[in-house]
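Here's the structure, in structure tokens; my notes come after.
What follows is calculated from the coordinates using simple rules that are stated; it is not laboratory data. The model shown is predicted, which means the values in this text are computed figures rather than measured ones. Please note: Cβ atoms are built from the backbone with ideal geometry, for glycine as well, and neighbour counts cover all protein chains shown.
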Amino acid sequence: MEKRQELYRGKAKSVYETDDPDHYIMLYRDDTSAFDGKIIKQLERKGRTNNHFNFFIMKKLEEAGIPVHVEEMISDRECVVKKLKMVPVECVVRNVTAGSICKRLGVKEGLELEHPTFEFFLKNDELHDPMVNDSHILAFGWGTQEQIDTMRSMSFKINGILKELFDKANLILVDYKLEFGLYKGEIMLGDEFSPDGCRLWDKDTKKKLDKDRFRQGLGEVIEGYEEVARRIGCPL
Ligand code: ADP
Ligand code: UDP
């Protein structure tokens, strides 16, 4: 497959057109951002780690029946993906309280939720990704009711699969963000699943092994990601 011009440069990845109209090449850079892109830093090995991590997780999800955009890893930092028309919302599932829900609802970090929560956030850095609900998605034409229902049910199905996978590695899947898009009319999981977009804590010590190490200046950020990869058997 021939890589053509860069179509979009996001905060962490770049999307390239190819000679195939149905596929993009996604390049994972070492850039790491926090606080809606206000802080950006280069972290060595990050692009490579997240590409391998995401490929491993997406293939596990595909095996479990989730339609995913990832097709082939063509280098340590590059992956061929299906070209999706992205739904401009982030889907967040939480099993344990942390991050924005603590500020918004005034709850302590670390509360185990008997029923996981599901939230939509509009993808818009300038507006700091405000929370939206089904009626906003319908009113502004970002998605149909059927697409909303599919994104919600797939997000919960993914929770069942990944909670178990991380549990076996003595890790707690605290929360995570997913993005979906349309491929030939069908909702499909897009973007990335890596420690950049989820929270993972060691079950015994509650040590954070995800992007909160970067957000909170805890150090050894990529070492944390690599530790998770090692524990779940993901080759890097
Ligand atoms: P951001 O846009 O939030 O800064 P990234 O740096 O990760 O994020 O850039 C990747 C961009 O590519 C995101 O905007 C994401 O929505 C989009 N994207 C992810 N997967 C696909 C896909 N399969 N087809 C088209 N766009 C995608
Ligand atoms: N998340 C993300 N991108 C975003 C916002 C959140 O990947 O733009 C992830 C984040 O890493 C966490 C989950 O979604 O795993 C929930 O994030 P939260 O709403 O708590 O926001 P935060 O305070 O982390 O910005």
Original post:
Can you find even one residue in the range 153-172 that is part of a loop (DSSP other than H, G, I, E, B), within 16 Å of ligand 2 (Cβ to nearest atom), at negative phi and among the small types (Gly, Ala, Ser)?
Top reply: no
**OP:** Tell me which of these Lys206 doesn't satisfy, since it passes every other one: (1) in contact (Cβ under 8 Å) with a residue 60 or more places away in the chain; (2) surrounded by 14 or more Cβ atoms within 10 Å (Cβ to Cβ); (3) away from ligand 2 (no atom under 14 Å from the Cβ); (4) among the basic types (Lys, Arg).
**Re:** (2)
Original post:
When residues of the range 52-74 are filtered for being part of a helix (DSSP H, G or I), in contact (Cβ under 8 Å) with a residue 12 or more places away in the chain and more than 16 Å from ligand 2 (Cβ to nearest atom), how many remain?
Top reply: 5
Original post:
Is it the case that Leu138 is out of contact with any strand residue (DSSP E or B) (no Cβ under 8 Å at 6 or more places or on another chain), over 22 Å from Phe156 (Cα atoms), surrounded by fewer than 18 Cβ atoms within 10 Å (Cβ to Cβ) and not acidic (Asp, Glu)?
Top reply: no
Original post:
If you scan the range 122-151, which residues turn out to be touching a residue at least 40 places away in the same chain (Cβ under 8 Å) and not in a loop (DSSP other than H, G, I, E, B)?
Top reply: Val132, Ile137, Gln147, Met151
Original post:
Can we say Ile25 is aliphatic (A, V, I, L, M), without any contact (Cβ under 8 Å) to a residue 60 or more places away in the chain, out of contact with any helix residue (DSSP H, G or I) (no Cβ under 8 Å at 6 or more places or on another chain) and closer than 17 Å to Ile222 by Cβ?
Top reply: no
Original post:
Hey, any hits in the range 21-39 for a residue that's in contact with a Ser or Thr (Cβ under 8 Å, 6 or more places away or on another chain), surrounded by 19 or more Cβ atoms within 10 Å (Cβ to Cβ) and under 17 Å from Arg199 (Cβ atoms)?
Top reply: no
Original post:
Which members of the range 9-25 meet the condition of being within 16 Å of ligand 2 (Cβ to nearest atom) and in a strand (DSSP E or B)?
Top reply: Lys13
Subject >> Residue under evaluation Arg9, criteria (1) surrounded by 15 or more Cβ atoms within 10 Å (Cβ to Cβ); (2) at negative phi, criterion not met >> reply: (1)
Subject >> In the range 209-232, the residues that are free of Cβ contacts under 8 Å to residues at least 12 places away in the same chain and part of a loop (DSSP other than H, G, I, E, B) >> reply: Gln216, Gly217, Leu218, Gly219, Glu220
**OP:** Considering each residue of the range 37-51, count those that are of a type in the set (Val, Ile, Thr) and either assigned to a helix (DSSP H, G or I) or out of contact with any strand residue (DSSP E or B) (no Cβ under 9 Å at 6 or more places or on another chain) (or both), and give that number.
**Re:** 1
Subject >> Qualifying positions in the range 57-67 - surrounded by 20 or more Cβ atoms within 10 Å (Cβ to Cβ) and in contact with a helix residue (DSSP H, G or I) (Cβ under 9 Å, 6 or more places away or on another chain) >> reply: Ile57, Leu61
